[in-house]
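Encoded as structure tokens, the structure appears first; notes follow it.
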Amino acid sequence: EQHWRVYLPVMFVAVISIVPFIIMAERHRLMKQVLVGAIMALLLASLGLYRWHDSTADTVMMLWLFFAGFNLLEAMLPSLVAKTAPTAHKGTAMGAFSTSQFLGAFLGGTLGGWVSGHLGVADVFLFNAGFASLWVLLALSMRAPQYLSSQLLNVGPVSAQQAQDLVSRLTLVPGVAEAVVIAEDGVAYLKVDNKTLDREALMAFSAA
């Protein structure tokens, strides 16, 4: 009847506690390791809630672990999609990601309700742990992502042929991993590695 007394402080502490891990993932380029750790947090929390859900103190601790992992994934996954999606299809990839989140909420709620009704509430946590275990294995097999940032460059009015030539020349600039030039807009959409990017060479292409 007074859930907010648990959930409010748990959520607050969970959000605060993930900040160092977000910084570690981005600044120190440990995204894969932090991602696997966040999924492991969901796995351990699910097993803990299955085993110790009768204890208030243990439940609060496991809820903190769950929401820490959950909020960390909420922050990291969109960034991971943006880093790995091809420049020309970034919008499509983000749309597919958002759709999968909504479908996951629907399917998860449906399956969780079925498990709760047929097997019991505690077994919902056991099923969660099973799915999290599969996710850990998939994440471990994932290649570490490139640490790329999106950047726009005004290249001015160009023809379709000039746009193609410009793509070839832009990708030769140190630090530029991908380039897409939209001739009608006079804009180049780039994915760059900020640590190795030759900004002076890149700005030579700028119409500004």
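The values are calculated or read from the model by the stated rules, or taken from the named source; none is laboratory data. This is a predicted model, so every value here is computed, not measured. Using ideal geometry, Cβ is built from the backbone for each residue, glycine included, and neighbour counts are taken over all protein chains shown. Note: areas computed on protein heavy atoms with side chains; ligands, DNA, RNA excluded. Shrake-Rupley method; radii C 1.70, N 1.55, O 1.52, S 1.80 Å.
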So is LEU42 more than 27 Å from ILE23 (Cα to Cα) and at pLDDT 95 or above or not? no
Considering only residues that are part of a loop (DSSP other than H, G, I, E, B) and without any contact (Cβ under 8 Å) to a residue 12 or more places away in the chain, look in region 144-179 and name the one that is surrounded by the fewest Cβ atoms within 10 Å (Cβ to Cβ). LEU172
Return the total of residues in region 52-109 being under 15 Å from the mean Cα position of the chain (by Cα) and not in a helix (DSSP H, G or I). 1
Check region 27-42 and report whether any residue there is of a type in the set (Gly, Ala, Ser) and more than 23 Å from ALA139 (Cα to Cα). no
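Just name the residue that is farthest from GLY120 (Cα to Cα) out of those in region 16-58 that are polar (S, T, N, Q) and in contact (Cβ under 8 Å) with a residue 40 or more places away in the chain.
First, pick out the residues of region 16-58 that are polar (S, T, N, Q): 17, 33, 46, 55-56.
Filter once more, keeping what is in contact (Cβ under 8 Å) with a residue 40 or more places away in the chain: 17, 46.
Numbers: SER17: 32, SER46: 15 Å.
Here the answer is SER17.
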In region 180-195, which residue that is at pLDDT below 90 and open to solvent by 60 Å² or more (accessible area, probe 1.4 Å) is nearest to LEU148 (Cα to Cα)? ASN194
Tell me which of these THR56 doesn't satisfy, since it passes every other one: (1) farther than 22 Å from PHE131 by Cβ; (2) surrounded by 12 or more Cβ atoms within 10 Å (Cβ to Cβ). (2)
Could we say that THR110 is loosely packed, with under 11 Cβ neighbours inside 10 Å and of a type in the set (Ser, Thr, Tyr) here? yes
Checking ASN128 against (1) part of a helix (DSSP H, G or I); (2) surrounded by fewer than 14 Cβ atoms within 10 Å (Cβ to Cβ), which test does it fail? (2)
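What are the residues in region 16-48 that are outside any helix (DSSP H, G or I) and either among the charged types (D, E, K, R) or open to solvent by less than 20 Å² (accessible area, probe 1.4 Å) (or both), if any?
Within region 16-48, the first condition is being outside any helix (DSSP H, G or I), and the residues that meet it are 28-30.
Within region 16-48, just ARG29 meets the criteria.
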Limited to region 1-15, what total is found for residues that are in contact (Cβ under 8 Å) with a residue 40 or more places away in the chain and open to solvent by 20 Å² or more (accessible area, probe 1.4 Å)? 5
